[in-house]
Amino acid sequence: MSVSDIMQFTVPELCDGAGLYHSMDYRIKPWIGRTKIAGPAVTVDVPSGEGRIVAEAIPLLKEGDVLVIAGKGNCDCSYWGDHRSICAAMMKASGVVIDGAFRDLEGCEEAGFQIFAKGLTCGTAAKSGTGAINVPVSCGGVTVHPGDYIVGDVNGVCVIRPEELEAVMQRALAKRQAQERVLEEMRRTGRVIPSVKVQQVGQEEK
């Protein structure tokens, strides 16, 4: 399985395949860019309001990576700004996901690097340098391990362990195909069918 395979599915479809507890806090949404992102996670664990170590993680990014900043939901300070967007874009990363806020909206828009965040603020963060890179983190209420697949689109962000990916996509595909069959039957018969049954998932979607 590859990133191109993941990109065939929307985040809601992947959440259908993954089940509960894979989707991040609903407030983490795309602020810069509306293109889907997907790639392995590079994680940054920072104390609330601390941001210096985030800069140290950027040179570690590889092409297609998604930087995940576990900012403890703090939106009173910024963990990210336009200069970091420029740097991450030069590293050819896929995007950044922030459980917290960013700033420099105009500059970030100009840089064009994909930003998923909880909010926008003008304040800076502390610069003590504390925190850790590439450790398990909690971001948006979901545990993220380095290398987990992060997928984000206009609906939100989900997290999938590499060993779960194939099964998640198979279940997502089964749900999509079941819905297509139901829609075809509705067009053919004119009967409204509000529930979609998916045998592989083992539950009824309403």
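Solvent-accessible area per residue for the range 1-112 at a 1.4 Å probe radius, Å²?
Here the per-residue accessible area is 45 Å².
What net charge do the residues around ASP104 carry, taking every other residue with its C-beta under 15 Å from that of ASP104, with Lys and Arg at +1 and Asp and Glu at -1?
Value of the local net charge: -2.
Provide the percentage of antiparallel DSSP beta bridges, counting only those with both residues in the chain; round to the nearest 5.
55 percent
Quick one: 3J(HN,Hα) in Hz for the range 82-98, Karplus 6.51/-1.76/1.60 with θ = phi - 60°, rounded, Gly and Pro as x.
5, 5, 5, 4, 4, 5, 5, 5, 5, 7, 6, 5, 7, x, 10, 10, 10
Please compute P(r) over all alpha-carbon pairs of the range 12-120, binned at 5 Å starting from zero, and give each bin as a whole-number percent.
Pair shares across the bins are 2, 13, 23, 27, 20, 9, 4, 0.
Put GLU13, GLU63 in order of accessible area, largest first, 1.4 Å probe: what do you get?
GLU63, GLU13
In whole Å, largest first, what are the principal axis extents of the Cα atoms in the range 112-206?
65, 33, 24
Around THR130, what is the net charge, scoring Lys/Arg as +1 and Asp/Glu as -1 over all other residues with Cβ under 9 Å from its Cβ?
The answer is 0.
Stokes-Einstein diffusion coefficient for the chain at 20 °C in a medium of 1.002 mPa s, Rh from the Kirkwood formula over Cα pairs: what value in µm²/s?
It comes out at roughly 122 µm²/s.
Need the full-extension length gain, GLU110 to SER195, defined as separation in residues times 0.36 nm minus the C-alpha distance. One decimal, nm.
26.2 nm
Roll a 1.4 angstrom probe over the protein heavy atoms and tell me the percent of accessible area of the range 38-134 that is carbon or sulfur.
The computed percentage sits at 53.
Once fully extended, how much extra length lies between THR130 and VAL182, figured as 0.36 nm per residue of separation less the alpha-carbon to alpha-carbon distance?
Contour length minus the Cα-Cα distance gives 13.4 nm.
Grab the other residues whose beta carbon is less than 13 angstrom from that of ARG34, score K and R as +1, D and E as -1, and report the net.
0
Kindly report, to the nearest 10 Å², the accessible surface of SER138 as traced by a 1.4 Å probe over protein heavy atoms only.
70 Å²
Give the accessible area for THR189 in Å² (nearest 10); use a 1.4 Å probe, count only protein heavy atoms, and leave out ligands, DNA and RNA.
Spelled out: THR189, probe radius 1.4 Å, area about 70 Å².
For the chain, set up a Gaussian network in which alpha carbons nearer than 10 Å are linked by springs, and say which option among VAL192, VAL42, VAL154 fluctuates the most.
VAL192
Given the Cα-Cα distance of ARG161 and HIS83 and 0.36 nm per residue of separation, how much length would full extension add, in nm?
Between ARG161 and HIS83, full extension yields an extra 25.0 nm.
Just to confirm the number: angle between the C-alpha axis of helix 165-189 and the first principal axis of the chain, 0 to 90 degrees, nearest 10?
40 degrees
The values are calculated or read from the model by the stated rules, or taken from the named source; none is laboratory data. The shown structure was predicted, so the numbers you read here are calculated from the model rather than taken from an experiment. All Cβ positions, glycine included, derive from the backbone under ideal geometry; neighbour counts span all protein chains shown. In case anyone asks, the SASA skips ligands and DNA or RNA and just uses the protein heavy atoms, side chains included. Shrake-Rupley method; radii C 1.70, N 1.55, O 1.52, S 1.80 Å.
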